[in-house]
Amino acid sequence: MNVMVDQNTCIGCGLCCGMCEEVFEMNAEGKAEACRSADDGNRDQVQGAIDACPVSAIHWEE
Ligand code: SF4
């Protein structure tokens, strides 16, 4: 399942990268982005990052 980080909303706190480094990484602009899709092995971690993001910038993408 694909994950999307809204670049206009992300404040670059790095929380999601710490929670699931398989999927999230910081880009050159200091914002998080999803470098790959989530799979069964990290789906719960990604959902945790979605729930924990202080500005609700992370979303599942259909
Ligand atoms: S947790 Fe949210 S605000 Fe923080 S880096 Fe990730 S997407 Fe950006």
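One line per residue, one yes/no per condition, for (1) in contact with a helix residue (DSSP H, G or I) (Cβ under 9 Å, 6 or more places away or on another chain); (2) in a helix (DSSP H, G or I):
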residue: Cys10; (1), (2): yes, no
residue: Gly18; (1), (2): yes, yes
residue: Ala28; (1), (2): no, no
residue: Glu33; (1), (2): no, no
residue: Asp40; (1), (2): no, no
residue: Gln47; (1), (2): no, yes
residue: Asp51; (1), (2): no, yes
residue: Pro54; (1), (2): yes, no
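Residues in the stretch 20-56 that are within 9 Å of the chain's Cα centre (by Cα) and either among the aliphatic types (A, V, I, L, M) or near the ligand (Cβ under 9 Å from one of its atoms) (or both): Val23, Phe24, Ala32, Glu33, Ala34, Val46, Ala49, Ile50, Cys53.
Just so you know, all these numbers are worked out from the coordinates, no wet-lab data involved. Fair warning: this is a prediction, and the values are worked out from it, not measured in the lab. We place every Cβ from the backbone using ideal geometry, glycine too, and count neighbours over all the protein chains shown.
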